[in-house]
Amino acid sequence: MSTLAVGLLMIDLAEIIWGRSPTPVPSFLGSTPVRIGALSILPQQLFIVAVAVVVFFGLDLFYRRTLTGKAFRAVAHSAEVSGLMGINTRRVQAASYAAAAAFAGLAGFMVVPLTLAEPQMGTVLGLKAFAIAIIAGLAAPRGILVCGLAYGALEALISGYLYTGIRDILGFSLMILALSLKPEGLFGRPVEERA
């Protein structure tokens, strides 16, 4: 709850300083679409997919192959047990928040040429990302990547043929459907309770 409150305070502060009107930001890669068969894709969109894949595999290597990454995973699983094992949980949690903020900034930098710069631009994108993570399963990062790419393609397809307001309804409808059919997510495993 406090994260949401701080986020809303920052949005209001940004609106006071810069105003509420959306500002267009030109793409640093140009606006001439790249043709791939019948598809027409902006260079910025290709750049976003490429950076997302590179960041994903970099993080995957970090979490699976480095001692620090394994400490991050241990703290995420159980901060209390990790602290007993000698991991500085406060430092890991602070680094985790800093990394999350840096990646959110990178995402905003990449997405703003496709949308408009406004204080609330991250709210809808964050909610969609949360819905995708729920659909895939919070414990399945590879599934989240697959679902994110599939959802983006599906949303673009829907926007091209139907009313664009339907694309926002789609993600949350899929999340409700996924939670009702498979609560652990499409790529998640059921959690076994231990006594």
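Observations
- Taking (1) surrounded by 12 or more Cβ atoms within 10 Å (Cβ to Cβ); (2) free of Cβ contacts under 8 Å to residues at least 12 places away in the same chain; (3) within 29 Å of Pro22 (Cβ to Cβ); (4) of a type in the set (A, V, I, L, M, F, W, C) in turn, Cys147 satisfies each apart from (2).
- Subset of region 13-29 that is touching a residue at least 24 places away in the same chain (Cβ under 8 Å) and under 26 Å from Tyr97 (Cα atoms) - its residue that is surrounded by the fewest Cβ atoms within 10 Å (Cβ to Cβ): Trp18
- Annotation note: of Phe47, Phe72, Phe62, the sole residue that is closer than 23 Å to Ala153 by Cα and modelled with pLDDT of 90 or more is Phe47.
- Highlighted here are the helices (runs of 4 or more DSSP H) found entirely within region 105-195 that include at least 1 residues which are hydrophobic (A, V, I, L, M, F, W, C) and under 19 Å from Leu46 (Cα atoms): 121-136, 141-161.
- Residues considered: Ala101, Ala95, Ala107. Of these, the only one that is of a type outside the set (Asp, Glu), loosely packed, with under 13 Cβ neighbours inside 10 Å and assigned by TED's automatic domain parsing to the domain that holds Val54 is Ala101.
- When every residue of region 43-59 is checked against the conditions, none turns out to be exposed (fewer than 12 other Cβ atoms within 10 Å of the Cβ), assigned to a helix (DSSP H, G or I) and more than 18 Å from the chain's Cα centre (by Cα).
The values are calculated or read from the model by the stated rules, or taken from the named source; none is laboratory data. Treat the numbers as computed from the prediction; the structure is a model and nothing was measured. A quick note on method: Cβ atoms are made from the backbone with ideal geometry, for glycine too, and the neighbour counts reach across all protein chains shown.
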